[in-house]
1. Just how large is the dipole of region 193-471 about the Cα centre, in debye to the nearest 20, putting +1 at every Lys and Arg Cβ and -1 at every Asp and Glu Cβ?
2. What is the Cα convex hull volume of region 273-314 when expressed per residue in Å³?
3. Just list whichever of 275/453; 277/453; 407/453; 277/382; 277/407 have alpha carbons separated by over 28 Å in the model shown.
4. What percent do you get for the relative contact order of region 411-474 when only Cα pairs under 8 Å and 6+ apart count?
5. Roughly what % antiparallel, to the nearest 5, for the DSSP beta bridges in region 193-471?
6. Using the C-alpha atoms of region 315-404, what convex hull volume per residue, in cubic angstrom, is computed?
7. With θ set to phi - 60° and the Karplus curve 6.51 cos²θ - 1.76 cosθ + 1.60, what are the ³J(HN,Hα) couplings of region 201-216 in order, to the nearest whole Hz, using x for Gly and Pro?
8. May I ask for the Kirkwood hydrodynamic radius of region 336-474, worked out over all distinct Cα pairs and given in angstroms to one decimal?
Amino acid sequence: MMNGDDPRDDPRRRRVPPQAGRPGGPPLPPGRGNGPRQDRPLPSGNDPTVRRGNPPGGRMPPPGDGPTVRYNPAPRREPPASHIEPTQVLHRDGRGEPLAYSQMPPEQPRRHAPPQRPVPHREPVRHAPTQRPVPHHDAIPPRRTPPPPDAGRQARPPRRPRRRHPFRWLMLIVVALIVGLIAAVIHLDNSLTRIPALTSYSDRIGNTPGTNWLLVGSDGRGDLSTEQEQELATGGDTGPERTDTIMLVHIPSSGPTTMVSLPRDSYVSIPGHGKDKLNASFALGGAPLLVQTVEIATGLRIDHYAQIGFGGFAGVVDALGGIEMCLDEPIVDPLAGLDLPAGCQELSGPEALGFVRTRATPRADVDRMNHQRLFMSALLKKATSMGTLANPFALWPMATGVAGSLKVDDGDHIWNLAALGWAMRGDTVTTSVPIGGFDDTDVGNVLLWDKSKAPGFFEALANDQQIPENLLTR
């Protein structure tokens, strides 16, 4: 600086007097505070004495250092226009001398909107609806919730309940029984031995009402061992097979069944062989000649034929567990291996065979025929009883024993035999051909039929009628 120059003339050295309200300055005049002054306009935005923003380094320059410069931060948008920051320089008319800090207009207190409190919404008052009586119901007890599964176990999805079908199981059982029954019937039917017993011949009698069976018990021993012959007391081989029992069974369309014994010594005409004993026809021509001889002698057409031997007869009796018989007199016959006391007793297979074969009685063949009819009735009654039919352990051995020991005609089946047994399960009329006496002939002693009664006897059967009481032989 040059001599003679007044430092006060240098604008850079001009000092600004202390402002009111600052240290070293005069006190604020009364009525003036920090609020903005209302009588002075705010400085414009292009005032050179006002620097916008914060000073460098964030510090204000000390007073007396250079021109009076006030830093004012950049104007904010939030405060209203009437608000004046204390760092702003105010001019009286916007262009004149800046205002001192003590001359700044007082700052107006901020007015905030009163705090708002939520007002609850209230519905307009309405009248209560008309109450109606509600019926009382007992409270439903809460369902019990099953306990949760164990934490260590993984919960399984619920299984779908299975639908039970009892009707389906019942149908399966019924079908299984039917199939089993059909299989058993087929097996038994195949077990039968079939022979051509019913053959056609000239002048054969036509069909007669009802159903006629010819039952034959032969003395054949071909299927017996030596031990069985000794046990059954058959007497060994006696030549050609003969018949010990011949029975005619007539099953009417209605009424009781009639069982007729045909004595084996009956003196009859045998086709192609003249007159001879009835059992001789079997020995001469087998079952076909026997059937033809019976049809000619009786005038009845035979529909079915069944033949059984010694071993089969005893086996059927044993399969049924024995047959109970009641004897009026004791029977002792060493040839038949028989020693039976009087009274009711159960006969085994060998004893039953000896009982139907013995002649060691006062009337010989007549008593023999009566024994055969009585035993046959008792046998069929037990075979068709509910105790046997409902017990498979008794029914099956009996059925297999009968099927395995019988010989039937080619056209007969196991169900035909079942029908025969069912027809004879109830009351059966048992009788014999009316006997006229005995006579000695060139073929030996023979039995003669009563010529006055025999025609009417067989005529009643041929007409499917009951035999008159006066023609029955008890």
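1. 600 debye
2. Looking at region 273-314, the number lands at 87 Å³ per residue.
3. The answer is 407/453; 277/382.
4. Averaging sequence separation for qualifying contacts and normalising by length gives 30 percent for region 411-474.
5. Working: 33 of 47 bridges.
That works out to approximately 70 percent antiparallel.
6. So the per-residue hull volume is 90 Å³.
7. With the stated coefficients, region 201-216 comes to 8, 5, 6, 6, 5, x, 5, 10, x, x, 10, 10, 10, 10, 9, 10 Hz.
8. Values: mean 1/r = 0.0556 Å⁻¹.
Kirkwood hydrodynamic radius for region 336-474: 18.0 Å.
Taken together, the values in this text are just the output of simple stated rules run on the coordinates, not laboratory data. Just so it is clear, the model here is predicted, and its values are computed rather than measured. In this analysis, Cβ positions are derived from the backbone assuming ideal geometry, glycine residues included, and neighbour counts consider all displayed protein chains.
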